[in-house]
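Here's the structure, in structure tokens; my notes come after.
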Amino acid sequence: MSADEVVEKEEVPRKLSPEEKRQENIKKIKRSTIATAMGIITGVISYLVIDSSQILGFQSYTILALLIMLAGVVVQKHIFMFMQLDPSALGKKDWFYQGFMTFAFWFITWTILLTSGILA
């Protein structure tokens with residue numbers, strides 16, 4: 001057989017054992033928990049930093065609140081390194097998921113805190 005005739009086989013990903021699947025699921029749960037916690041924390045920080053009596057729509061303080069939320073997404077990478085969750089293994093889709101979870105919980109928390117002053 002000549003070198004031209006040798007067909008390179010595509011590398012097939014090996015199947016994970018049940019224990020490896022379990023470990024991967026635990027890592028995913030930890031990452032999701034960190035994203036939700038950072039969303040709640042940044043929502044509370046946004047409420048405490050910005051005076052709720054000035055909230056009238058999209059203003060400069062809204063951009064400050066968004067920057068606080070984005071800082072929460074950035075801090076997640078450092079938390080992952082601290083907890084040895086290997087942030088370099090995350091792809092763009094994974095980071096989008098982390099960012100969306102943080103955004104969603106930030107938005108919900110901040111909205112609830114802002115409306116609680118109106119209802120009381």
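The values are calculated or read from the model by the stated rules, or taken from the named source; none is laboratory data. Bear in mind the structure is a predicted one, so any value in this text is a computation, not a measurement. For neighbour counting, all protein chains shown are included, and Cβ atoms are generated from backbone atoms with ideal geometry for every residue, glycine included.
Computed values, structure above
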item: Those residues of the range 69-92 which are of a type in the set (Val, Ile, Thr) and either outside any helix (DSSP H, G or I) or in contact with a Gly (Cβ under 9 Å, 6 or more places away or on another chain) (or both), in sequence order; result: 73
item: Of the criteria (1) part of a helix (DSSP H, G or I); (2) closer than 19 Å to residue 24 by Cβ; (3) at pLDDT below 85, which one residue 95 fails; result: (3)
item: Scope the range 88-106; condition surrounded by fewer than 17 Cβ atoms within 10 Å (Cβ to Cβ) and not hydroxyl-bearing (Ser, Thr, Tyr); matching residues; result: 89, 91, 92, 93, 94, 95, 96, 100, 104
